[in-house]
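Report on one structure; see the data block that follows.
Computed from the coordinates by the stated procedures, all read-outs in this text should not be read as laboratory data. Every value quoted in this text rests on a predicted model; they were computed, and no experiment measured them. In this analysis, Cβ positions are derived from the backbone assuming ideal geometry, glycine residues included, and neighbour counts consider all displayed protein chains.
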């Protein structure tokens, strides 16, 4: 089967999920109609086997996650996802794998009405690069740079499940609940859209709070104090790790949460929560003192030195 | 050096080359301002070492070519290139390689005023995926589907140099002139823009005329007759291969030309040529009889059966 037939067979159905597609796959380029008076948000993320997902991850989950991590970036900008391109490198053209992969991709694409509008398929080690395009009204996008002293540092959902799943997997234990969070992250698109007029700043948590929050602090010229006792943990995580100190590593530095971290003025919290269908937890405060510090519920300083995951270190 | 520092150091300068960039690299996503009343053209191409460029190709040329093949797709739509994302997979973070690669990328990006607006860097075998965004006035883009019976089949520039360079390289011969065409293709952006109101259909020649023209024929529901004696050849190619039959393989099926193939009504040819700063050659005619046939200058049928390059065959 040649490249063109491959793309047509497995991915053709992914093209029609969004409005604004004048020409989808099948010409030299796709043609899209941007919404008037909106800005275009563009992000690009690569997933590599053994680095961004464990060897042995199902093709369905890989398809889901490759799109999810990109939609999560759009969510952090408060942008409405619209379209994406897919560059897929595969060791071989396995029809079963491609069917599963495209099904996972499609499940998430359909949920957010994003259309596949271009791509390339090459033979090589397994790697998936997606560029996602979203839209937000001009001047309304969420940025990293707007955090203000006194803002609450908030996170959606819970933290640490994905990293704990991965650590357990390395020890030979498969925890189905935790693995679901590693393999099928839910990009918080609705939360990003709902909070773009209420939050001062936002970032998505791909490298863990300790790795990602500093980007907001640096861009905004502020610091933060995080209460490690306030970090939200799932029932599944608490069951595995009843002690806070055992959970903390996964919650602060684990990565792969794909929750949003948002800086919101305290007097807007109730309004923010009322707009969300996902829990919003206050985990700390923005401070004038630079740097990121950790305290516990009693106010005592906690030493935590574990950077977020980075490539090429 | 971590991923973020890498990107900043070598690619930061590539972000400012275009208007319409509200936020470049350094937030969760870039923010762009599309031009009112324009459609967005989107294309995505991956280059892999040893497959899309020879092992040993200079980093400068790889950077150039990775962007060139994408701009060539936008050119074939008659779109004005604006922005691009870059996903770079590298075996190691070699500062010298990165400096050269980004210089090649930048040289072409600056020429066409396109800005780098996002990307990802991962460790792995050498692979470059670019998604390029362009704009064209609504309803004005060049398509594959508009060819009409009687149209001249035209190509810009000359054909076959890149494929001949590669074949010679395989035999241990480096032909500097031919290699320049393989390593530094010139995307015909100006030609695509100039001809979007004159041509009925267009495609860029990445897989060779015999591989790419059928896409136009299929999309338009027509056939074509190509005069193999009319295929334009460079001086360098004629010097290496004085006989037509020796050149023909490279010119029809070689690939990597990145010239445009356009279907233009005969009475618009003079007008078309007057708008171009690149030669435009008529190589055949669109016919009502389906399929692609080859003849020589005397009208005798030529048998040529060598499909364009495809992956996963």
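Across chain A, Cα-Cα pairs farther apart than 24 Å form 53% of the total. Calculated mean residue ellipticity at 222 nm for chain B: -10000 deg cm²/dmol, from DSSP H runs with n ≥ 4 weighted as -39500 (n - 2.57), summed, divided by the residue count and rounded to 500. Relative to its residue count, the protein assembly as shown spans a Cα convex hull of 143 Å³ per residue.
Can you tell me which of A:118, A:20, A:172 moves the most in a GNM of chain A? Springs connect C-alpha atoms under 10 Å apart. Highest fluctuation among the options: A:172.
Pairwise alpha-carbon distances in the range B:221-313 exceed 19 Å for 49% of all pairs.
Structure remark: mean-square fluctuation, Gaussian network model of chain A, C-alpha springs under 10 Å; the largest value among A:59, A:76, A:167 belongs to A:167. If I fit a long axis through the Cα atoms of helix A:95-111 and take the longest principal axis of the Cα atoms of chain A, what angle between them do I get, 0 to 90°, rounded to 10? The helix A:95-111 is inclined about 60 degrees to chain A. Averaged over the residues of peptide A:33-41, the number of Cβ atoms from other protein chains lying within 10 Å of each residue's Cβ is 6. Relative to the dominant Cα principal axis of chain A, helix A:209-220 is inclined by about 80°.
The long axis of helix A:244-253 is offset from the longest Cα principal axis of chain A by roughly 50 degrees. Note on residue A:125 and residue B:111: the model spin-label points, each 7 Å out from Cα along the C-beta direction, lie 3.3 nm apart. Among A:188, A:174, B:273, the ranking by other beta carbons within 10 Å of each residue's beta carbon, starting with the fewest, stands as A:174, B:273, A:188. Relative to the globular-protein estimate of 2.2 N^0.38 Å, the Cα radius of gyration of the range B:152-302 stands at 1.01. Looking at chain A as a GNM with Cα springs under 10 Å, which of A:289, A:155, A:114 has the largest mean-square fluctuation? With Cα springs under 10 Å in chain A, the top fluctuation among A:289, A:155, A:114 is at A:289. Taking label positions 7 Å along the Cα-Cβ direction at both residue B:37 and residue B:303, the computed distance is 5.6 nm, reported to one decimal. Fewest neighbouring Cβ atoms within 10 Å first, the residues B:298, B:210 line up as B:298, B:210.
Expressed to the nearest 5 percent, the antiparallel share of DSSP beta bridges inside the protein assembly as shown is 75 percent. Indicate the gyration tensor shape class of the range B:1-146 (rounded, prolate or oblate), computed on the Cα atoms with a ≥ b ≥ c the square roots of the eigenvalues: a/c under 1.5 is rounded; otherwise a/b larger than b/c is prolate and the rest oblate. The shape class here is oblate.
Take residue A:176, move 7 Å from Cα toward the beta carbon, and the resulting point lies 6.8 nm from the same point in each other copy, nearest first.
Each of B:129, A:85 was scored by other Cβ atoms within 10 Å of its Cβ. Listed from fewest to most, they are A:85, B:129.
For residue A:282, the label point sits 7 Å beyond Cα toward Cβ; its separations from the matching points on the remaining copies run 7.8 nm, from shortest to longest. At full extension, residue A:282 and residue A:268 could sit 3.8 nm farther apart than now, given 0.36 nm per residue minus the alpha carbon distance. Distances between copies of residue B:239, taken at a point 7 Å out from Cα along the Cα→Cβ vector and listed shortest first: 7.5 nm.
Taking every C-alpha pair closer than 8 Å and separated by at least 6 residues, the mean separation divided by the residue count of the range A:162-235 gives a relative contact order of 17 percent.
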